[in-house]
Amino acid sequence: MNMQSSGNKNLGLDRDAIWSQLRDEARSAVQDEPLLGALIHAGLLHHHSLEGALAYRFSLKLASGEMSEQILREIADQAYRTSPELGDAARADLMAVYDRDPATHRLLQPILFFKGFQALQAYRMAHWLWQQGRCDMAYFVQMRCSECFGVDIHPAAIIGTGVMIDHAHSIVIGETATVGNDVSMLHSVTLGGTGKEDGDRHPKIGDGVMIGAGAKVLGNIRVGHHSRIAAGSVVLHEVPSCKTVAGVPARVIGDAGCPEPSQSMNQLLGLGEDYL
Ligand SMILES: CC(C)(COP(=O)(O)OP(=O)(O)OC[C@H]1O[C@@H](n2cnc3c(N)ncnc32)[C@H](O)[C@@H]1OP(=O)(O)O)[C@@H](O)C(=O)NCCC(=O)NCCS
């Protein structure tokens, strides 16, 4: 599998090279800041694979007085062992953060320090439990993810790979929401219901969509591929592909400005001829 980095930083790493690069960065970080040695050893250098490091981090962060680290570690180890797509998704998410977030200079930052990435991997674990029919354990992981990271994603929601949740305060994604591949979203995004519908009531976000901070997308509406939703918008109607919407309630204000807004993180509002 070739996990080419697509953005400006373009590490061009394949699957195993991601883990090698992480370990190199970890060794260098310990040299630079010996006081973080124990954390970096336990979090990265002690492990034989990215999956091992992720399982450790998941169990360490989400354990509580009600649930031991050991039980969560066993769940995560089993999930990564039996469902290799979880490790593939984590790698794609990691490269998404590295490529798109200008504040990310090393791969170890999301693994050790960024709660958006860690919360997304916790959601993936909850979704895996949900698919196994272990719904109450999935709800437990959802609750702890919300308590620890401020990210509340229903375990039944379906989220693609190569997704970045930047900053990740106050993210809510409802039960029947779907999020495509290569989506980027910033903090305080809600993919929720209007409160007027039952059943399938949450948004369906296409591939490559960029959702700005504080945007609320409400109802069972489609957001087309490679569109952009401006910060603070309240989106109540379908969004065409490759368009930018803004405002409360949101309306189309122009084209998306580039073919892949979620990857370039192009946040310039182009008020073009489509302005309505
Ligand atoms: C306000 C709300 C209850 C709908 O009320 P409603 O009276 O049925 O409103 P309608 O859907 O018929 O819309 C009426 C008008 O208000 C606008 N509108 C609806 N909700 C709006 C909102 N949240 N912000 C701004 N305008 C809104 C609609 O665009 C519409 O405008 P128009 O007449 O110019 O087309 C609903 O949209 C809402 O905001 N629910 C809360 C959802 C929420 O918090 N979800 C999070 C779940 S995690």
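Largest GNM mean-square fluctuation among Gln263, Gln118, Gln132, using the chain with Cα springs under 10 Å: Gln132. What is segment 12-149's relative contact order, in percent, from Cα pairs under 8 angstrom and six or more apart in sequence? Here the relative contact order equals 20 percent. Modelled spin-label separation between Glu85 and Ile71, with each label point placed 7 Å from Cα along the Cα-to-Cβ direction: 2.8 nm.
So what is the relative contact order of segment 157-268, in percent, for Cα pairs below 8 Å that sit 6 or more residues apart?
Relative contact order, segment 157-268: 19 percent.
Across the chain, C-alpha contacts under 8 Å between residues 6 or more apart give a mean separation that, scaled by the residue count, equals a relative contact order of 10 percent.
Placing a pseudo-label 7 Å from each Cα along the Cα-to-Cβ vector at Gln31 and Ser64 gives an inter-label distance of 4.2 nm.
If R0 is 22 Å, what FRET efficiency do you get for Arg251 and Thr194 from their C-beta distance, rounded to 0.05? Calculated transfer efficiency: 0.80. Counting 0.36 nm for each residue step from Cys135 to Val234 and taking away their Cα separation leaves a gain of 32.5 nm. Would you tally the net charge around Ala17, using a Cβ to Cβ cut-off of less than 13 Å, leaving Ala17 out, and scoring K and R as +1, D and E as -1? After counting each charged neighbour, the total is -1.
Have a look at the DSSP beta bridges in the chain and tell me what percent are antiparallel, nearest 5.
Taking every DSSP beta bridge within the chain, about 15 percent pair in antiparallel fashion.
Working from label points 7 Å from Cα in the Cα-to-Cβ sense, the Ser241 to Glu175 distance is 3.1 nm.
Coordinate-derived values only; no laboratory data. Predicted, not measured: the structure shown is a model, and the values here were computed from it. Cβ coordinates were reconstructed from backbone atoms using ideal geometry, including for glycine residues, and neighbour counts include every protein chain displayed.
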